[in-house]
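Read-outs throughout are calculated quantities, based only on the coordinates presented, and are distinct from any laboratory measurement. The shown structure was predicted, so the numbers you read here are calculated from the model rather than taken from an experiment. All Cβ positions, glycine included, derive from the backbone under ideal geometry; neighbour counts span all protein chains shown.
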Amino acid sequence: MKERLAYARTAVAPHRAAELRAEIDAFHAEYCAALDANDVERWPDFFSKEATYRITSRQNALLDMPVGLVYCEGLDMITDRALAVAHSQMFAPRHMLHVLGITRVLQETDRTISAQTPFILMQTLVEGPTTVHLAGIYHDHFVREGERLLIASREVVHDTEILDTALAYPV
Amino acid sequence: MYQSQAVIGITNARKNPPLAQCVWPADALNNIPDWVYTSQAIYDQEIERIFRGETWNFVALEAEIPNPGDYKRGYVGATAVVIVRAEDHTISVFENRCAHRGAEFCRASHGNTKEFVCPYHQWSYDLKGNLQGVPFKRGINKVGGMPPDFRNAEHGTRQLRVATRNGVVFATYSDKTPPLEAYMTKEIVEEFDVPFSGKKLKILGYCRNELPCNWKMYHENLKDPYHATLLHSFLVVFGLLVPGIKSIVFADKEHGRHGYMASAKPDEIYATVAADDKAEMRSFSDSLRLRDERFLDYVREFDSPWSANMMTMWPNLIVQRQMNTMGVRQIIPNGPNSMVMQWTMFGYEDDTPEMTRHRLRQGNLMGPSGFLGLEDNEALKFVQEGIRNSSTDNNVVKLDAGHQGTARNLISESCIRSLYQYYREVMDIRVAEKAA
Ligand code: FES
Ligand SMILES: [Fe+2]
């Protein structure tokens with residue numbers, strides 16, 4: 001049961017990991033700033049053409065269950081979701097705030113970097129308290145396109161067992 | 001259980017009346033009083049008469065516990081139970097409460113075991129919930145221990161009756177609940193057997209959310225075709241449900257408590273909507289188009305006139321079939337103002353990998369983040385918030401007035417009417433006299 005999300009030691013030397021971490025931090029600063037401004041139509045800009053994106057619970061991840069709260073294969077599906085959220089979905093107005101923990105760089109190859117970053121997603125509804133909406137870890141693969149990093153795959157694995165009402169925006 | 005909206009959790013006394021004050025308005029078929037959704041006394045009575053009454057409650061899919069010793073935690077109403085497969089392959093359902101001092105002894109969401117051992121004083125139970133062992137039953141050196149007349153057989157867990165149909169497991173507290181198929185009624189059995197034909201299921205995963213609304217609203221939502229084309233612009237734009245297409249809202253003929261809402265998707269991907277209808281639907285958008293249309297592919301896999309069918313089986317099961325995404329949802333009541341929804345998504349064992357991926361892609365329609373699921377969840381929250389502290393206290397169900405039960409048009413509340421007629425009987429709720 002433990003294996004799938006078990007602790008995996010980093011294969012990257014500390015100095016190199018620090019460099020890559022700084023790069024991923026900069027990526028996340030922009031990613032979260034766009035989402036926290038509710039500018040969901042910019043969200044696809046952070047993904048590569050073939051990117052996959054899935055949000056799932058830790059329970060599903062441990063059981064090797066493939067469903068996603070959100071399940072996207074490819075940039076087109078990611079873009080469809082962004083457009084749907086921006087233009088066709090009814091939900092109460094809310095503010096989201098991503099608070100990220102320290103990125104662990106796990107591996108680097110010629111083309112890809114794999115990393116894990118813990119996050120807490122806070123939600124504030126109109127007249128509502130600020131609540132922890134989701135807590136979990138991003139399991140990421142990044143690719144480089146020129147100077148930029150892009151997400152090739154992101155698995156958002158959340159610890160939160162019972163979600164409050166609904167998850168409207170991407171994480 | 002967890003309650004996310006505790007900060008706004010105060011219901012004023014007027015909306016929380018004792019049973020004696022719960023009198024239905026005289027025009028009973030066309031009105032629903034707010035206390036139905038907000039009274040603690042009503043909720044308590046529902047737990048007794050409905051969830052512990054003569055109903056079959058969904059508890060699990062057999063595919064979740066395929067082998068002897070497999071178990072999962074679950075609920076009947078708001079009561080925690082364990083669902084277990086024993087060595088003889090039969091399934092037992094018993095309360096997750098130690099007969100000694102009440103500890104909830106099964107803590108893992110699922111697993112495999114030979115017995116259940118309560119962590120507190122290590123009383124042990126077999127896979128059917130019978131008490132097996134009591135440590136130091138005879139005391140130490142014959143001092144202390146249980147009295148000589150203590151019989152293990154008299155101190156097991158509270159065990160429920162179990163029935164299964166084609167891989168779906170139900171439990172009931174009552175000895176009087178009729179056999180499962182009779183309880184479901186003929187037409188519901190027929191629709192149930194479309195996704196559950198006996199073909200082996202493959203579980204694709206779970207999600208769970210808390211909805212700050214009364215549990216009955218979820219039934220009503222699926223007996224309310226009126227909202228479907230108005231709230232869910234996604235349904236309409238992508239031709240999944242369009243005013244005027246072939247559809248039905250069915251209520252079982254015997255009680256009107258079970259039902260389904262079904263529709264047949266036309267072949268075009270995008271809807272053609274008459275100009276008049278369009279004008280009625282503010283959320284409709286002609287310009288919305290998908291970049292990845294695989295999402296809307298429909299693989300005909302059943303011999304059924306319906307491409308989508310949402311079935312509600314009283315009191316706690318929803319069987320979801322929207323094109324090729326399938327799942328069961330269990331309603332777990334959580335007080336008058338809250339419910340937990342437990343979603344279990346599935347496909348079939350003989351699905352190709354591509355079919356599984358197709359189901360997963362289409363899964364974006366449903367669940368707490370689904371293009372349809374999100375909107376229902378939010379809308380139900382708005383309803384509960386609206387009724388909790390307002391000065392007025394009545395809901396109007398007058399669409400298609402005079403009709404009860406099955407409707408073949410979308411602008412009808414006939415199935416909500418039949419549900420509440422049945423509900424008033426089971427709950428023994430008085431209707432006010434008509435003023436002379
Ligand atoms: S409470 Fe379970 S053994 Fe005592
Ligand atoms: Fe809906």
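Quick notes
- Pair A:A135, B:D297: separation of 7 Å Cα→Cβ label points (nm): 4.0 nm
- Contact order relative to length of segment B:319-436, as percent, for alpha carbon pairs under 8 angstrom and 6 or more apart: 12 percent
- For the protein assembly as shown, the residue among A:A168, B:Q45, B:Q322 whose Cα projects farthest onto the positive side of the dipole built from Cβ charges is B:Q45.
- Net charge over other residues, Cβ less than 15 angstrom from the Cβ of B:P179 (K, R count +1; D, E count -1): 0
- Going from the residue with the fewest nearby Cβ atoms within 10 Å to the one with the most, B:D70, B:D252 rank B:D70, B:D252.
- For A:T103, net neighbour charge (Lys/Arg +1, Asp/Glu -1) across residues whose Cβ lies under 11 Å away: -1
- The protein assembly as shown, dipole about Cα centre (Lys/Arg Cβ +1, Asp/Glu Cβ -1), debye to the nearest 20: 1660 debye
- Estimated FRET transfer efficiency (B:A20, B:D175; beta-carbon r; R0 30 Å; 0.05): 0.55
- For B:M184, B:M355, order by how many other beta-carbon atoms lie within 10 Å, fewest first: B:M355, B:M184
- FRET efficiency for the B:T272 to B:Q40 pair, using the beta carbon distance and R₀ = 60 Å, is estimated at 0.75.
- Acute angle (nearest 10 degrees) that the helix A:14-36 long axis makes with the longest principal axis of chain A, alpha-carbon atoms: 20 degrees
- Spatially, segment B:335-377 and segment B:142-158 are offset by 46 Å when compared through their Cα centroids.
- This ranking places B:E115, A:E41, A:E147 by how few other beta-carbon atoms lie within 10 Å of each, fewest first, which gives A:E147, B:E115, A:E41.
- The distance between label points at B:R151 and B:F382 comes to 6.0 nm (points 7 Å beyond Cα on the Cα→Cβ vector).
- With the largest listed first and rounded to whole Å, the semi-axes of the equivalent ellipsoid of segment B:89-221 from the Cα gyration tensor are 38, 18, 16.
- Taking label positions 7 Å along the Cα-Cβ direction at both B:A432 and B:D88, the computed distance is 5.6 nm, reported to one decimal.
- Most to least packed among B:320-327, B:81-88 [average Cβ atoms within 10 Å]: B:320-327, B:81-88
- Net charge, B:V162 excluded, C-beta distance under 12 Å - Lys, Arg +1, Asp, Glu -1: +3
- Shielding by partners, peptide B:119-126 (average Cβ within 10 angstrom, other chains): 0
- If the chain linking B:I411 and B:R161 were pulled fully straight, counting 0.36 nm for each residue of separation and taking away their Cα-Cα distance, it would gain 86.0 nm.
- Tilt relative to chain B, helix B:373-388 - C-alpha long axis, 0 to 90 degrees, to 10: 80 degrees
- Whole-number Å³ per residue for the convex hull built on Cα positions in segment B:196-259: 179 Å³
- Shielding by partners, peptide B:107-115 (average Cβ within 10 angstrom, other chains): 1
- MRE, 222 nm, helices only [DSSP H, n ≥ 4, -39500 (n - 2.57), over chain B, to nearest 500]: -5500 deg cm²/dmol
- Mean separation of Cα contacts under 8 Å (6+ apart) over length of chain B, as relative contact order %: 20 percent
- Label-reachable residues, segment A:133-170, where backbone N falls under 17 Å from a point 7 Å from A:R16's Cα toward its Cβ: A:142-144
- The mean count of C-beta atoms from other chains within 10 Å of the C-beta of residues in B:350-362, rounded to a whole number, is 2.
- Nearest 10 degrees, 0 to 90: helix B:353-362 Cα axis against chain B principal axis: 70 degrees
- Per-pair calculated FRET efficiency, R0 = 30 Å: B:M281 and B:E254 via Cβ, rounded to 0.05: 0.30
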